[in-house]
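*Asks:* Below you will find the structure I want to go over with you.
A short reminder: the numbers here are calculations on the coordinates, not readings from a lab. Being a predicted model, the structure only gives us computed values, none of them experimental. Cβ placement follows ideal geometry from the backbone for every residue including glycine, while neighbour counts extend to all protein chains displayed.
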Amino acid sequence: MGLLNHLFGNRTDLAREINFDAQKRLSLWSEHLANYPKREALAKFFSYANVDNALNNLAKLDDVLAEIGSLVSNDLVSIGDEEKTQDEILQDIERIITSRGGYAVSHLTSIVARQAAIFNILKKLYQLLKVELHAIRAARKNPNRTFLLNLFKLIFHEEASINNMFMEECYSKYGKATWEDLDRLIKATILEEKLTEDMQSAEETFVRMAVKEIGSGTRRNYRRLAEDVYYDLLEIIGTPFRTPEDFDRGLKELERLVLDDNTLRKLILKNKRKLKLTDEQVEWMIKAFRKSYESGHFEELDAEFGT
């Protein structure tokens, strides 16, 4: 039984426990993420542009399908001797494609709600990988154009939507905190560790609350402070800009300043007015401002960029 089978499979099968320690479980997850780009590249062999050529080279197609299947570890997900007809597999594929979405995790919700969202996303990945493995097995027996294109969509589009959420390289320098939060949540889920509200630190609670208020657009305490800090940053970089070259230069300078803790700390202390923040909360406010910038909460203020 694979790890994902154990976590999300038929409850009647769960008597067959797995003997994977924490290191093995996390290693399987890391291996999955590392192998996905390889499977994605291999799937291009039967993409929309190449599928007819693939069907004219069945020996090579079989090798490619076998390699894609081998890159999904049996220890992660297994279909064993379960058999499905091509019609059943096509119905499963259609169900996955039409139910696409719901892959987002709101970082404004509680840690319990975020882990529940991660659980549902991983369950969708488990279902998707099972369908892929069935499709690969069936395509090797009886390849046809429609079937291969559906398999390509599963690997290249549907699975990418999930896997890319958990790949650090898919996040900008501003998204590091977001990725770290997702990484923590997914590891806890894989290790079957149930997170509770009391595990949420005071920092996480403050940052989530501040980001939610900043994103509301209502000029209350944290939104007012964040706007004032943002306007100061725009002044520092020399807005308004009158040429595309100045705009590009200014945007790069703004991005540099948003990553500068010292600059943000000075501006938060300057603009906090009657808002009482401890030294620790000032540091948390830096993170909240940065997360809000990453989330586009100041886009309506960007008219200041040019005239």
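*Asks:* Measuring from label point to label point, each 7 Å out along Cα→Cβ, what is the residue 260 to residue 216 span in nm?
*Replies:* 3.2
*Asks:* With the chain treated as a Gaussian network of Cα nodes joined by springs under 10 Å, which of 95, 224, 114 yields the largest mean-square fluctuation?
*Replies:* Among 95, 224, 114, the largest GNM mean-square fluctuation belongs to 95.
*Asks:* Largest first, please: the extent of the C-alpha atoms of segment 219-259 along each principal axis, to the nearest Å.
*Replies:* Per principal axis, max minus min of the Cα coordinates gives 35, 21, 12 Å.
*Asks:* Place a point 7 Å from the Cα of residue 50 along the Cα-to-Cβ direction; which residues of segment 71-89 have their backbone N under 19 Å from it?
*Replies:* What the label zone holds, given the 19 Å backbone N cut-off, is 71-72.
*Asks:* Could you tell me how many cubic angstrom of Cα convex hull volume the chain has per residue?
*Replies:* On the way: hull volume 51.8 nm³, N = 307.
Expressed per residue, the convex hull around the Cα atoms of the chain is 169 Å³.
*Asks:* Within the chain, which is the longest segment containing none of the GluC sites (Glu not before Pro) that sit in a DSSP loop and have at most 10 other Cβ atoms within 10 Å?
*Replies:* 193-307
*Asks:* Taking 7 Å along the Cα-to-C-beta vector as the label spot, tell me the residue 85-residue 231 distance in nanometres, rounded to one decimal.
*Replies:* 6.9
*Asks:* With the alpha-carbon atoms as the only input, what is the per residue convex hull volume for segment 201-305 in Å³? Let's see the in-between values first.
*Replies:* Working: hull volume 9.4 nm³, N = 105.
So the per-residue Cα hull volume is 90 Å³.
*Asks:* Now a separate question. Tell me the label-point distance for the pair residue 194, residue 123, using the 7 Å Cα-to-Cβ offset, in nm and rounded to one decimal.
*Replies:* Each label point lies 7 Å from its Cα, and together they span 1.5 nm.
*Asks:* While we're on this one: At R0 = 30 Å, how high is the FRET efficiency between residue 113 and residue 252 if r is their beta carbon distance? Nearest 0.05 is fine.
*Replies:* E(calc), rounded to 0.05, equals 0.25.
*Asks:* Another one. Would you list 119, 147 from fewest to most Cβ contacts within 10 Å?
*Replies:* Listed from fewest to most nearby Cβ atoms, that is 119, 147.
*Asks:* Over 32 Å between Cα atoms: which of 187/212; 44/212; 194/276 fall into that group?
*Replies:* 44/212; 194/276
*Asks:* May I pose another question? Once amide H atoms are built 1.01 Å from N in the peptide plane, which residues 5 or more positions from residue 241, or in another chain, come under 5 Å H to H?
*Replies:* 306, 307
*Asks:* Nearest 10 degrees, 0 to 90: what angle lies between the long axis of helix 111-141 and the longest principal axis of the chain (Cα atoms)?
*Replies:* That works out to roughly 30 degrees.
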